[in-house]
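Please read the structure below before turning to the comments.
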Amino acid sequence: MRILLKNGAVVNVFTGEIEKTNILIEDKVIAGVGTEYCEADADKTEDLAGKFVCPGFIDGHIHIESTMLLPGELAKVCVPHGTTSIVSDPHEIANVCGTAGIEYMLETSEEIPMTVYLMLPSCVPATSFDESGAVLSAKDLKPFYNEVKVLGLAEMMNYPGVICGDGVVLEKINDAKEFNLIVNGHAPLLTGKSLDRYIAAGINDDHECSGFEEAAERIRKGQWVMIRQGTAARNLDALLPLFEEPYAHRCVLVTDDKHPSDLLESGHIDSIIRRAVKCGKSVVTGIRMATIQAAQCMGIRNLGAIAPGYIADILVLDDLDTVRVRDVYKNGEKVVENGIVCPFPEPEVRADLIKAVKNSFFMDELSAKNFYIEPKTPRCRVIKGIDDQLITDEWITEINWEKNGGIDIDRDILKIAVAERHMHTGHIGLGFISGIGLKEGAIASSVSHDSHNLVIVGTNDLDMATAANRIRELGGGCVVVRDGKVMAEMPLPVAGLMSEGSAETVAKENARVRKAVYKLGANKGLEPFMTMAFMSLSVIPSLKITTKGLVDVNSQKLVSLYVE
């Protein structure tokens, strides 16, 4: 089938020009671009007069699990917004289920109208402070490099290991380089000689930049910078200067972690471009970041442009500045028409993989006494959250032990716990946190980066235990509790990370638990569950908590709750 798209205003991502021309598609590929192509060259013609045409968008870094949707459901949401390819790091499910999790993501991504490329998870577990459901060595990962859709090694979060030349870490990096594939980075706030050493090991990019100078240093030193705008981490506004040269040509747009309600309400990569345009930036620059530059960054050939020989992933836009998508072509086939995604078959998944991901909780029931913190010194370390960021501060303050076991609602000092759920160890890390804002009750979630143990934040021990036990019963999810009763819940039975429901259903459940948390007094504008989930990620500065206790990320050491 030869298809001619004629009279569209085509965005040339190589030159930045917009030109009225024709596009000939043949066998999933763009056969030619130019006014010399006409109806006689095609079996079917579509007149796009008055429309804009650009390549399909590529999300250069996303965790499918963090959308809480299975890949097919995610495609139903993202493809109508113009996303035709994503680069996913399955380290969330791999931390729970090991190699079975990677295989599950590969199988559930087949036969959907969105190409799902994978990066192999580099840090399972993320650090020695984590207790995950699996440990993946370089030997475990190496066979997956033969998969066509595997592009390389995912975000190397263990940057201290890279810098000090850890042999286990370098073996994983060298394997990816042996296959001539890329290695993604993850090194927030790293600078100077340490950054040089990290990049020199072969690290291609970074998505953790939260400020312009941090990003500019990386670009000057040859890295790609991924401008992230997700649900919890929203770095676009701080990185808007990157939309100008000499930086723009080395940037990519990514979401990293984004909840379904946000996807349905605001869109996907298209929403990032829209926001940048509203801030006065060039829409063509945004499109370049989301197409050809994403493909170049990830080492994907013949993708991300409307040019001869390129894969025919094409968007038809009603309006350029608002990036309003009308039709989407995937591999030359129309998969979205007038904003409606066309039906597609459900992928077939092996029974053993389904069993592996549906049985992921191995822990005893908890009681209020499991959350007791022994009073010692008045001065303690408190994790202090920062709005719209994954980084935290360390707040050393006096704890009033006589007031609710150290919890002080008036000062926004709540209790936080991380309970191990994979290997039945019974380990629970306990501490205090500020920035969530609860005035009563407790919240809990099995989404707890990156090992995905059970994380709980609360104003009292009984509600914390109730919330934890309900998630255990569900086999995973998010729960809100007040006075010993469940106010709202969102089941996530697939590895404790994803739902089997539709995007609309998950979005409603997500909105319901959010609303319940706000009723408990949580700070409005905060995404409480996503924020809480990153409090256990011990590779992002500065103070975090795992099942083993508080971690000083900068020194990569466990530290005491108590300060002498």
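For this structure, a couple of remarks:
- Residue in segment 240-257 that is open to solvent by less than 50 Å² (accessible area, probe 1.4 Å), at pLDDT below 95 and touching a helix residue (DSSP H, G or I) at 6+ places or on another chain (Cβ under 6 Å) present: yes
- Subset of segment 179-200 [open to solvent by 10 Å² or more (accessible area, probe 1.4 Å) and either of a type in the set (Val, Ile, Thr) or within 21 Å of Val124 (Cα to Cα) (or both)]: Phe179, Leu181, Ile182, Thr191, Ile199
- Annotation: of all residues in segment 215-260 being within 26 Å of Pro80 (Cα to Cα) and among the basic types (Lys, Arg), the one that is farthest from the chain's Cα centre (by Cα) is Arg234.
- Any chance Val335 is assigned to a strand (DSSP E or B) and either over 23 Å from the mean Cα position of the chain (by Cα) or surrounded by 15 or more Cβ atoms within 10 Å (Cβ to Cβ) (or both): yes
- Given (1) assigned to a loop (DSSP other than H, G, I, E, B); (2) at pLDDT below 95, number of the condition Gly496 does not satisfy: (2)
- Count - residues of segment 363-394 that are at pLDDT 95 or above, among the hydrophobic types (A, V, I, L, M, F, W, C) and surrounded by fewer than 18 Cβ atoms within 10 Å (Cβ to Cβ): 1
- Test: Gly16 is on the phi > 0 side of the Ramachandran plot and either open to solvent by less than 60 Å² (accessible area, probe 1.4 Å) or among the β-branched types (Val, Ile, Thr) (or both): yes
- In segment 260-283, the residues that are part of a loop (DSSP other than H, G, I, E, B) and either on the phi > 0 side of the Ramachandran plot or open to solvent by less than 10 Å² (accessible area, probe 1.4 Å) (or both): Gly267, His268, Gly280
- Candidate set from segment 179-188 (those that are in a loop (DSSP other than H, G, I, E, B) and under 19 Å from the mean Cα position of the chain (by Cα)); member that is nearest to Glu147 (Cα to Cα): His186
- Count of residues meeting criterion [part of a loop (DSSP other than H, G, I, E, B), closer than 26 Å to Gln293 by Cα and touching a Ser or Thr at 6+ places or on another chain (Cβ under 6 Å)] in segment 36-76: 1
The values are calculated or read from the model by the stated rules, or taken from the named source; none is laboratory data. None of these values were measured; they are calculated from a predicted model. We place every Cβ from the backbone using ideal geometry, glycine too, and count neighbours over all the protein chains shown. For the accessible areas, the whole protein counts, side chains as well, though only heavy atoms, and no ligand, DNA or RNA atoms are used. Shrake-Rupley method; radii C 1.70, N 1.55, O 1.52, S 1.80 Å.
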